[in-house]
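Notes for the one structure printed next.
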Amino acid sequence: MTSADTLKGFKRDGRIVVVGASLAGLRAAEALRDEGFTGSLTMIGDELGEPYDRPPLSKQVLTGWVPADGTKLPRRRDIDAEWLLGVPADGLDLATNHVHLADGREVPFDRVLIATGVRARPWFVESEAALDGVFVVRTREHAESLQRALAAGPSRVLVIGAGFTGSEIASICRERDIPVTVAELAPAPLVGALGAMIGEIAADMQRAHGVDLRCGVKVTRLEGDAQGRFRRAHFDDGTTIDADVAVVALGGIRNTDWLRDSGLAAGVWGIACDTGCRALDLNGLITDDVFVAGDVARCPNPIYEYRLISLEHWANAVEQAEIAAHNMVSGQADRWPHLSIPAFWSIQFGVNIKSVGVPTFADEVVVTQGSVADRRFVAAYGYRGRVTAAVSFNNAKWLDHYRQLIETAAPFPPPCPTPDQPADMKPVPVDFPGPTLLAQGATVVVTGHDPSERRVTAAWQHR
Amino acid sequence: MATTKTPDTLRRILDYSSRADPYPLYAELRETPVALQEDGSYVISTYRELTDILHNPHLSSDVRNLSHPVEAFERSGTPSFINLDPPEHDRLRRMAMRHFGPPHTPELVAGLEPDLTATVGSLIDGFAGKEQIDIVDDFAYPFPVTVICHLLGVPREDEPRFHLWVNAIIDSIDYNPKTDPKERLTNGRQATTDLREYLGGLVEQRHGRPGDDLLSRLANDDGPDGRMTDDEIVATANLLLIAGHETTVNLITNGMLTLLRHPQVLQRLGDEPGLVVPLVEELLRYEPPVHIIPWRASYSDITIADTVIPKGSRIMLMLASGSRDPNRFHDPDRFDPDRRDNQHLGFGSGIHLCFGGPLARRETQIALNELVRRLDRPRLVADPPPYRRSPVLRGPIHLHIEQGDG
């Protein structure tokens with residue numbers, strides 16, 4: 001689709017299929033219409049019902065303040081699409097340009113956007129995961145059932161995993177005056193995302209709010225009673241805890257399984273794409289008609305040494321959706337790169353936590369403003385002497401400044417002083433528990449000798 | 001480069017003769033985004049540099065951080081949060097916001113709507129039989145004053161007293177020792193003392209008598225930050241009273257003036273009242289009520305647009321110029337209520353973002369919708385209208401209009 005005429009024709013009456021009808025899919029569809037795409041638009045989604053917003057599911061929905069069906073995404077415009085909901089896509093044929101659905105239907109396209117997102121990582125023993133009282137939180141239905149379980153007044157809730165979702169759920173439990181135990185394999189909550197220093201602050205916050213926080217432990221078994229109700233959890237240190245509700249908050253699994261035979265560079269980390277959201281094939285070659293956006297996209301970021309980074313952030317999904325949509329209906333010369341600085345937020349234990357940049361891309365961290373003791377501060381992250389990220393606790397209005405420091409590769413640590421000077425301004429090692437950006441096991445093998453024969457084959461692993 | 005090519009641009013902007021149309025001079029100023037002035041102060045006039053510095057934690061609002069104190073800015077009594085830095089600023093603003101907006105009082109502005117509509121309605125009723133209407137004296141001034149008095153719990157009948165004080169204070173905000181008589185400053189000082197004494201009396205009455213107004217709530221607060229001292233309550237009330245007086249009046253008046261200069265938009269607003277929401281945002285960009293932040297201080301050296309502003313410097317922020325920066329806004333001198341991505345500087349930005357913004361927005365939306373709905377073929381009597389003295393809080397002093405067949 002290179003000549004201007006072909007592009008014009010495509011914009012007028014081409015066929016676009018969006019696989020994934022959540023935030024990224026919906027915003028992309030709206031942006032496509034905004035861009036003047038008048039052809040046919042098909043939305044494929046495995047969940048029934050209208051697209052909804054997920055951040056409230058671990059927050060306002062669980063307090064009971066907002067009903068689970070009250071989180072529908074606002075529609076910014078009419079998208080005049082055909083909606084194929086309730087059936088997942090289970091294959092992508094790039095030879096004939098069709099999406100296969102699990103019920104056997106085939107949907108043809110000229111261009112496709114993949115926005116299939118992430119699903120909750122389930123508890124690893126299926127029979128234990130099936131116990132009454134064991135929950136994950138990813139969908140509206142999940143949140144609704146957990147909300148009901150919390151409203152019933154459980155004697156104790158066990159949260160497995162102290163990332164953002166787990167910590168938010170623990171916070172809600174305390175807000176509802178429910179006893180809660182949090183089990184985390186790492187030395188502190190949030191440590192995988194924000195490092196050891198912030199992790200310790202998060203741990204203090206949890207304990208100050210009455211959370212029974214147990215770090216460095218692994219839950220080995222969930223035990224049920226004769227009626228199949230969850231009753232007790234066993235830890236690897238030999239201890240146990242009695243609870244009626246267990247929330248498994250062990251992160252997500254990217255929905256790429258359906259692309260296994262597609263020939264795309266899809267795997268456990270997502271689908272690799274360029275900054276224009278065009279998917280790469282297995283060989284690392286760019287494709288023309290396949291685009292990716294949202295949690296499932298794995299996009300190079302020039303600020304971070306062009307590393308491929310996938311982000312489960314609300315704003316990232318929106319921004320990528322708009323870039324992908326624009327590029328789907330634009331010629332090569334008019335394409336936009338997705339270059340925005342990542343940002344996310346959380347609210348827990350009465351504290352608004354917000355971040356810009358990629359905190360895991362850092363070797364040092366320093367508190368630059370405010371007071372850690374008062375739970376209102378900004379900390380900057382640096383990598384080899386430049387600012388790469390920042391996180392704020394109840395101090396989010398300053399983050400635009402740090403975004404600018406990141407964009408301009410400003411020196412780390414940032415210059416002092418400011419009027420709201422922290423007590424201690426010494427950078428400390430960031431101390432992440434593991435290499436989060438580096439490879440953890442191969443996903444492909446390369447075959448062939450002659451340059452015309454060299455090919456990559458996916459090496460699918462069981463996880 | 002910091003040195004400006006046209007060293008007297010700022011002087012001409014401040015001069016009253018450019019009040020009706022300072023925008024060409026702003027364009028001239030923007031040729032030097034960060035302009036060093038003869039007196040060692042810096043003037044910032046471009047959008048990107050303005051937002052950068054407003055978000056910069058090295059920028060101070062505390063007058064004590066200026067290395068060359070300016071008499072007009074000196075503290076008289078306990079400062080309000082507008083003139084403080086974190087953490088004091090944050091604490092006081094948070095304590096005031098508890099009673100003014102989300103998360104603790106999310107319904108305040110929406111709850112006021114019936115009152116706002118009624119106040120606007122009765123002011124417009126008062127136009128009946130008038131040959132000429134002064135949008136300022138007959139409408140845009142009394143409306144927000146009534147609202148802020150009601151909110152604070154200041155008796156409306158005392159208005160003539162504090163009107164004079166507020167005027168004298170505003171008159172001294174942009175005091176220039178080189179050109180202005182010392183009397184202006186002295187009058188402003190005295191007015192500040194008088195207004196504070198008056199408000200102090202009201203606060204004293206409120207103790208132990210929790211009512212619904214802001215003064216009572218502040219005087220009887222039991223929030224997590226404790227209670228403000230009486231001096232702090234007076235400083236806060238003083239700020240809100242002045243801001244509630246002197247900004248919304250300009251926004252509403254500038255709005256009506258702009259609509260009368262754009263008859264098609266006025267017509268359209270009559271047909272689609274919902275247009276008022278983006279229209280007021282565009283107004284905040286195109287004809288904002290606050291043009292200039294007269295001073296901030298660099299707490300330590302600040303590098304902006306390759307210029308190092310040394311510690312202790314006075315920095316003047318030309319917000320209205322930033323909102324007309326062609327590098328940020330397409331066709332910036334066009335009034336376009338359909339404009340998208342309209343992140344104007346009408347309410348400032350960063351931690352000092354206008355405290356009363358949500359109220360001012362709603363007041364102006366209701367005011368303009370009702371004026372357009374009820375006025376019959378309104379026409380300007382004079383264009384440009386006469387302006388108030390201040391280049392900082394800029395707006396017409398009168399806006400005479402005629403309507404109907406008159």
Ordering B:216-224, A:138-146 by per-residue average of other C-beta atoms within 10 angstrom, highest first, gives A:138-146, B:216-224
Projecting the Cα atoms of A:PHE109, A:VAL99, A:ALA362 onto the charge dipole of chain A, where Lys and Arg contribute +1 and Asp and Glu -1 at Cβ, the residue farthest towards the positive end is A:ALA362
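Relative contact order, percent, of segment B:243-382 when contacts are C-alpha pairs under 8 Å separated by at least 6 residues? Mind dumping the intermediate values first?
Working: 166 pairs, mean separation 42.9, N = 140.
It rounds to 31 percent for segment B:243-382.
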Taking every residue of A:419-431, the Cβ atoms of other protein chains inside 10 Å of its Cβ average out to 2
Residue-ordered couplings for segment B:378-393, obtained by feeding phi - 60° into the Karplus form 6.51 cos²θ - 1.76 cosθ + 1.60 and rounding to whole Hz (Gly and Pro as x), are x, 9, 6, 7, 9, 9, x, x, x, 9, 5, 5, 5, x, 8, 9
Using alpha carbon centers only, segment A:245-259 is separated from segment A:48-79 by a whole-angstrom value of 20
Taking a straight Cα-to-Cα line shorter than 22 Å from A:LYS426, and setting aside same-chain lysines fewer than 8 residues away, one finds A:LYS354
Mean Cβ-within-10 Å packing, highest first, puts peptides B:276-282, A:426-432, A:361-367 in the order A:361-367, B:276-282, A:426-432
For the A:ASN352, B:GLU74 Cβ pair and Förster radius 41 Å, calculated FRET efficiency rounded to 0.05 is 0.70
In degrees rounded to 10, the 0-90 angle between helix A:191-208 Cα long axis and the longest Cα principal axis of chain A is 40
Here the FRET efficiency for A:LYS8 versus A:THR408, based on Cβ atoms and R0 = 41 Å and rounded to 0.05, is 0.55
Expected integer from the mean partner chain Cβ neighbour count at 10 Å over B:299-309 is 1
If unit charges are put on Cβ atoms (+1 for Lys and Arg, -1 for Asp and Glu) and the dipole of segment B:9-402 is taken about its Cα centre, the option from B:PRO24, B:GLY129, B:ALA320 lying farthest towards the positive end turns out to be B:PRO24
In whole angstrom, the spacing between the Cα centers of segment A:304-377 and segment B:300-335 equals 26
Per-residue ellipticity at 222 nm attributable to helices in chain A (runs of n ≥ 4 DSSP H, -39500 (n - 2.57) apiece, nearest 500 deg cm²/dmol) works out to -6000 deg cm²/dmol
Once A:ASP80 and A:ALA423 are pulled to full extension, the length gained, defined as 0.36 nm per residue separation minus their Cα-Cα distance, is 117.8 nm
Distance in nm between A:THR63 and B:GLU272 label points, each 7 Å along Cα→Cβ, equals 3.6
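Assuming 0.36 nm per residue, please report the length gained on full extension of the stretch B:ASP306 to B:LEU353 beyond their Cα-Cα distance. Don't skip to the answer; put the middle values down first.
Working: separation 47, 0.36 × 47 = 16.92 nm, distance 2.57 nm.
That pair, B:ASP306 and B:LEU353, stretches by 14.3 nm at full extension.
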Spelling it out for A:ALA265: with amide H atoms placed in the peptide plane at 1.01 Å from N, the residues 5 or more places away or on another chain with amide H under 5 Å from its amide H are A:ALA272, A:LEU280, A:ASP281, A:LEU282
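Within 10 Å of each Cβ in peptide A:370-376, how many partner chain Cβ atoms are there on average? Round it to a whole number, please.
Details: counts 4, 2, 0, 0, 3, 0, 5.
For peptide A:370-376, the averaged partner shielding equals 2.
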Ordering A:219-228, A:247-256 by per-residue average of other C-beta atoms within 10 angstrom, highest first, gives A:247-256, A:219-228
On the formula 1/(1 + (r/R0)^6), with r taken between the Cβ atoms of A:ASP34 and A:ALA95 and R0 of 30 Å, the FRET efficiency rounded to 0.05 is 0.40
Once the dipole of the protein assembly as shown is set up from charges on Cβ (+1 Lys and Arg, -1 Asp and Glu), the residue from the list A:THR447, A:GLY331, A:GLY14 lying farthest towards its positive end is A:THR447
For A:ARG335 and A:CYS416, extending 7 Å from Cα along the Cα-Cβ vector and measuring point to point gives, in nm, a value of 4.6
Spelling it out for A:VAL430: with amide H atoms placed in the peptide plane at 1.01 Å from N, the residues 5 or more places away or on another chain with amide H under 5 Å from its amide H are A:GLU364, A:VAL365
Simple spin-label estimate for B:ALA128/B:ASP376, 7 Å along Cα→Cβ, in nm, reads 1.3
Diffing segment A:142-148: the Karplus 3J(HN,Hα) column from phi (6.51, -1.76, 1.60, θ = phi - 60°), in whole Hz with x for Gly and Pro, holds 4, 5, 5, 5, 5, 4, 4
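Any read-out appearing in this document is the output of simple, stated calculations on the displayed coordinates, not a laboratory observation. What you see is a predicted model, and the numbers here were worked out from it, not measured in a lab. Note that each Cβ is placed from the backbone with ideal geometry, even for glycine, and that neighbours are counted across all protein chains shown.
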